[in-house]
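First comes the structure, then the notes that go with it.
The values are calculated or read from the model by the stated rules, or taken from the named source; none is laboratory data. From a predicted model like this one, the values you see are computed outputs, not experimental measurements. Every residue, glycine among them, receives a Cβ derived from its backbone with ideal geometry; neighbour counts consider all protein chains shown.
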Amino acid sequence: MHHTSTHKTVFFQTCAAGRKHRQHVQSAATVSKGAHLNWDYPHAHTLPVTPEAGDIDGLQHTNNAVYVRWCEHIAWHHSATLGLDLDDYRRLDRAMAIRRGEYDYLLPTRAGEALTLATWLCASDGRSSMERRFQLIRDSDGATVVRARWELICIELSSGRARRLPPEFLAVYEPAIVAARQPVQA
């Protein structure tokens, strides 16, 4: 299937920083574009991303912090698509907070390169923790450029303390979990 896309600037609110970030992404109509790429896991939730000039650091490649920001953006997008957004988190006084984040930067990317970022929920203990994984692929050659993994813990927003996953989280997130296997390294 061939997709055409238009570019637009999207503003989104990050939970941790509470600041607005500018990010260059393609329109939501192209979210399914990544279906043909070689993903580590099935049922990828994807978003196209493109590094801009301001994302490039002194080493002339995309700064590592940009990938972290993109992962946060797609995680929120995935959660909202499944049915839980930041307003729901506030209403329930619960959130999935990152306890640990691991990023493997496999290949550099440059300004203007078309990339597709994917995410999956890969594990849950059914009590308080979950795992989310990410994979970033360069569209031109299908190379995986970044893999990442987050260990998430459910917290009570009002206190910051760890809490059990509320029934609403279990009902939305558990059906979306894919079986994690060790990905083949590019």
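List of remarks:
- Any hit, segment 160-178, residues being under 23 Å from Pro42 (Cβ atoms) and in a loop (DSSP other than H, G, I, E, B): yes
- Taking segment 106-125 as the range and being over 13 Å from Trp70 (Cβ atoms) and either in a strand (DSSP E or B) or at pLDDT below 95 (or both) as the test, the residues that pass are Trp120, Leu121, Cys122, Ala123, Ser124.
- Residue pairs meeting the criteria (Cβ under 7 Å; at least 6 apart or on separate chains; first within 27 Å of Ile177 (Cβ to Cβ) and in contact (Cβ under 8 Å) with a residue 24 or more places away in the chain, in segment 131-143; second of a type in the set (D, E, K, R) and in a strand (DSSP E or B)): Glu131/Arg149; Glu131/Glu151; Arg133/Arg149; Phe134/Arg147; Gln135/Arg147
- Identity of the residue in segment 46-75, touching a helix residue (DSSP H, G or I) at 6+ places or on another chain (Cβ under 7 Å) and part of a helix (DSSP H, G or I), that ends up nearest to Arg133 (Cα to Cα): Val66
- Annotation note: Cβ proximity below 9 Å between a residue of segment 161-180 that is of a type in the set (S, T, N, Q) and a residue that is not in a loop (DSSP other than H, G, I, E, B) (sequence gap 6+ or interchain) occurs for no pair.
- Each residue in segment 80-102 was checked for being within 20 Å of Leu47 (Cα to Cα), part of a helix (DSSP H, G or I) and in contact (Cβ under 8 Å) with a residue 12 or more places away in the chain, and 3 pass.
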